[in-house]
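Where a number appears in this text, it was derived from the coordinates with a stated rule and is not lab data. None of these values were measured; they are calculated from a predicted model. We place every Cβ from the backbone using ideal geometry, glycine too, and count neighbours over all the protein chains shown.
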Amino acid sequence: MTASASVTVADKEITVRELTVMEVRDWVKSIEQGVRVVDPAGDALFIDVTLTDIALMSDADADWLATFGPSELEPLADLCRKMNPHFFRVRAVVQAAQAAHLRAILLGAQSPQ
C-alpha cells in the first residue's frame, strides 16, 4: 500500500496518496495518446499541478474541487506535491518536452519524432 496523508478542505478531510509507478506511466500515456481531457481553467489553476492531477492523487472529485478558489486548494496542492515528488519530476519533463515541441512549431521547424 502506498503512503498517504490528509488535509482539511472546507471542513472535509481529504486523503492524498502516493501514486504508483504504473499510475504515473498511465498519466503519461494519456497525454501521448491524446485522451487526456483539456480543462483550461483547471489546468492553469497552479503552475505545476492541475485540478485533474489533484483529483488523481486524492479522494476528492474534480468537480467538487472546482467549487473552491486557489487559496482554498493550495494546502491540498502542497500535500500532493509533498506526497508525489516523483510525479512532479516526470510532469516537469513532460512540460519541457511540450514547450520545446510548441517552440519548434511556432518557429516552423519540424518536430523531432
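Relative to the Cα centre, the charge distribution of the chain, modelled as +1 at Lys and Arg Cβ and -1 at Asp and Glu Cβ, gives a dipole magnitude of about 580 debye. The alpha-carbon atoms of the chain define a convex hull whose volume equals 108 cubic angstrom per residue. 3J(HN,Hα) along segment 20-27, derived from phi through the Karplus expression 6.51 cos²θ - 1.76 cosθ + 1.60 where θ = phi - 60°, amounts to 7, 4, 5, 5, 5, 4, 5, 4 Hz, with x in place of Gly and Pro. Residue-wise HN-Hα couplings along segment 44-52, as the Karplus relation 6.51 cos²θ - 1.76 cosθ + 1.60 with θ = phi - 60° gives them from phi, are 9, 4, 10, 5, 10, 8, 9, 4, 5 Hz; Gly and Pro carry x. Which of 26, 53, 11 moves most in a GNM of the chain, Cα contacts under 10 Å? Evaluated over the chain, the most mobile residue of the options is 11. Here's how it looks for residue 14: its modeled amide H is under 5 Å from those of 7, 8, 9, which are all 5 or more places away or on a different chain. Debye-formula intensities of segment 1-44, expressed as log10 I(q)/I(0) at q = 0.17, 0.27 Å⁻¹, are -0.74, -0.92 (one equal scatterer per alpha-carbon, no solvent).
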